[in-house]
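Beneath this line is the structure, given in structure tokens, with notes to follow.
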């Protein structure tokens, strides 16, 4: 039964996936759409609040702009999701390493994933396909640039869901951060390549294709 469901899900992902596209943010118009989308979601979810106002959070991320790649997810012609990739650098570091006490479990370069948002009406729809597509794009770009792994400061609820798919390692203690209980985590690219085909053989065709 589980295998049959996975096969059905895989067919669904491939059939519906063409309706989604990921666009790298480059133009002023795209930058405005990106900002409007992630800030509205973070405000609605309470990540931006009186103790951590939106302008402070925006200022915190602005210093990483030169080392960042921002991506927009569209469903047909509607922007529905965002993700920022902050690349390893020797100038301003990475937010999760700057803001948390962490245990380093990598030797090479890493990339941090942040500003991950999906509009409320699209979360959980299409078997979580919007989030999967954003993660697939992140993984592909990290691999293409030779990253050893992916870092993120994740809401504990989000990380619980992600660990059902990916072998995230906790690398520090949880604390209140940007409006929620957040924990630093690390995902080894090598582990995903080794474990994902065994733990999720049908999704591998979609995710690692």
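The values are calculated or read from the model by the stated rules, or taken from the named source; none is laboratory data. These numbers were taken from a predicted model, which means no experiment stands behind them. Backbone-built Cβ (ideal geometry, glycine too); neighbour counts: all protein chains shown.
Couple of notes before you dig in:
- Restricting the stretch 134-153 to residues that are without any contact (Cβ under 8 Å) to a residue 40 or more places away in the chain and assigned to a helix (DSSP H, G or I), the residue that is nearest to the chain's Cα centre (by Cα): 140
- Test result for residue 142, closer than 23 Å to residue 205 by Cα, surrounded by 21 or more Cβ atoms within 10 Å (Cβ to Cβ) and in contact with a strand residue (DSSP E or B) (Cβ under 6 Å, 6 or more places away or on another chain): yes
- Only one of the listed residues (97, 73) is part of a strand (DSSP E or B) and either modelled with pLDDT of 95 or more or farther than 17 Å from residue 185 by Cβ (or both). That residue is 73.
- Candidates in the stretch 35-53 are the residues that are over 21 Å from residue 74 (Cα atoms) and buried (at least 20 other Cβ atoms within 10 Å of the Cβ); of these, the one that is nearest to the chain's Cα centre (by Cα) is 47.
- Residue within the stretch 56-64 that is touching a residue at least 12 places away in the same chain (Cβ under 8 Å), crowded, with 19+ Cβ neighbours inside 10 Å and under 20 Å from residue 168 (Cβ atoms) present: no
- Scanning the stretch 188-199 for residues that are crowded, with 18+ Cβ neighbours inside 10 Å and either assigned to a loop (DSSP other than H, G, I, E, B) or free of Cβ contacts under 8 Å to residues at least 60 places away in the same chain (or both) yields 189, 192, 196.
- So residue 165, is it more than 11 Å from the chain's Cα centre (by Cα), assigned to a helix (DSSP H, G or I), surrounded by fewer than 21 Cβ atoms within 10 Å (Cβ to Cβ) and modelled with pLDDT under 90: no
For every residue, the table says whether it meets (1) in contact (Cβ under 8 Å) with a residue 60 or more places away in the chain; (2) outside any loop (DSSP other than H, G, I, E, B); (3) surrounded by 18 or more Cβ atoms within 10 Å (Cβ to Cβ); (4) in contact with a strand residue (DSSP E or B) (Cβ under 8 Å, 6 or more places away or on another chain).
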| site | (1), (2), (3), (4) |
| --- | --- |
| 66 | no, yes, no, no |
| 69 | yes, yes, no, yes |
| 83 | no, yes, yes, yes |
| 92 | no, no, no, no |
| 104 | yes, no, no, no |
| 111 | no, yes, yes, yes |
| 117 | yes, yes, yes, yes |
| 128 | no, yes, no, no |
| 132 | yes, yes, yes, no |
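- Every residue from the stretch 168-180 that is surrounded by fewer than 19 Cβ atoms within 10 Å (Cβ to Cβ) and either at pLDDT 95 or above or out of contact with any helix residue (DSSP H, G or I) (no Cβ under 8 Å at 6 or more places or on another chain) (or both): 169, 170, 172, 173, 174, 175, 176
- Sole residue being touching a helix residue (DSSP H, G or I) at 6+ places or on another chain (Cβ under 9 Å) and within 21 Å of residue 62 (Cα to Cα), chosen from 84, 136: 84
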